[in-house]
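As C-alpha cells, the structure follows; a few thoughts come after it.
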Amino acid sequence: MKLLQLLPIGNLDDGLLKALRPAMEATFCVPCEVLPVRLDPEFAFHGERQQYHSSEMLQRMQGFLTADSWRLLGIAAVDLYIPILTFVFGEAQMGGPCAVISAHRLHQEFYGLPPDPKLFRQRVIKEAVHELGHTLSLTHCDDYRCAMAPSHAVEWIDLKESTLCAGCRAVATPMAQISSARIF
C-alpha cells in the first residue's frame, strides 16, 4: 500500500508531525508515516531575501521518494518564497508527488501575538491539505471555506476549513479517497 510521507525540514518540532499524521490519514484515507530523516534546508537559503526558495526544496525532495510513496509532504520550520512573491505558505508540484509547507508564518508569534497552539495546528493542517490538493491536480477554489481556497494572508487561512468542498472532492476522488470529515 502506498504511503503519504511527512518529511521534516529544518528545526521542526516533532510534536507537530505527530499531530499532523492522524489528520492527514483521516483526510486522505491513506496510511501516513513521518520519515526518520530530516532535510537540512540550507541549500535553498538566499541571503539577499533571508528566505528559503521553496521550488529548490521541492526539487531536492524528489530524492526522498520511494516505491512506497503516494505523496511526500515536506514541513519546513523556515520562511519560504518563490521569486514572484514576497513569501509562500507552501508550494506543490501540480499533479506531482511532492509538496512543501512552511510553519514559519503560521505561528501567532510571527504577528506579535501570544502563542495559540490550537490555532497553529489548525493552520498547518489546512495548508497541508491545500498543498496536497495541488498534487491531486486541484486548482484554487472560489469557495472561501474550501481548503483549496487561495491564502494570501494568514487571516484567509483562518476563514477556510480543513476539508475540500464537494466540487473539489469530486475532482480529486478518482486519484484518492478523500474524507469530508472535519479534522479539528
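Since every read-out is calculated from the coordinates, none of them should be taken as a lab result. Treat the numbers as computed from the prediction; the structure is a model and nothing was measured. Quick reminder, even Gly has a Cβ in these numbers, built from the backbone with ideal geometry, and neighbours come from all protein chains shown.
Other residues with beta-carbon under 10 Å from the beta-carbon of Glu33 carry, at +1 per Lys or Arg and -1 per Asp or Glu, a net charge of -1. Between region 62-106 and region 24-60, the C-alpha centres lie 5 angstrom from each other. Comparing mean-square fluctuations of Phe87, Phe43, Phe28 from a GNM of the chain with C-alpha springs under 10 Å, the top value falls on Phe43.
Can you give the net charge of the other residues whose Cβ lies under 14 Å from the Cβ of Trp156, counting K and R as +1 and D and E as -1? Overall, the nearby charge balance is -1. Neighbours of Ala44, meaning other residues whose beta-carbon lies under 12 angstrom from its beta-carbon, give a summed charge of -3 when Lys and Arg score +1 and Asp and Glu score -1.
Taking 18 Å as the cut-off, the amide N atoms of region 57-79 that come nearer than this to a point 7 Å along the Cα-to-beta-carbon line of Cys29 belong to 70-71. For the chain, take the alpha-carbon Rg, divide it by the Kirkwood Rh, and send me Rg/Rh. Here Rg/Rh amounts to 0.93.
The 3J(HN,Hα) values that the Karplus relation (6.51, -1.76, 1.60; θ = phi - 60°) gives for region 159-165 are, in residue order, 6, 8, 9, 8, 10, 8, 5 Hz. Gly and Pro appear as x. For the chain, modelled as a GNM whose springs connect Cα atoms under 10 angstrom apart, the maximal fluctuation among Cys98, Cys146, Cys165 occurs at Cys165. Computed about the Cα centre, the dipole magnitude for the chain is approximately 440 debye when only Lys and Arg (+1) and Asp and Glu (-1) carry charge, each at its Cβ.
When only Cα pairs below 8 angstrom with a gap of at least 6 residues are kept, the chain shows a relative contact order of 20 percent. A Förster radius of 35 Å combined with the Cβ-Cβ distance from Leu113 to Asp14 puts the calculated FRET efficiency at roughly 0.90. Could you check how many percent of all C-alpha pairs in region 66-159 are farther apart than 14 Å? Here the tail beyond 14 Å accounts for 65 percent of pairs.
By the Cβ rule of 4.7 Å, the chain holds the following cysteines without a possible disulfide partner: Cys29, Cys32, Cys98, Cys168.
Amide hydrogen proximity for Glu161: with H placed 1.01 Å from N in the peptide plane, the residues at 5 or more positions away or on another chain lying under 5 Å are Cys146, Ala147. For the chain, adding -39500 (n - 2.57) for each run of n ≥ 4 DSSP H residues and dividing by the number of residues yields -9000 deg cm²/dmol at 222 nm.
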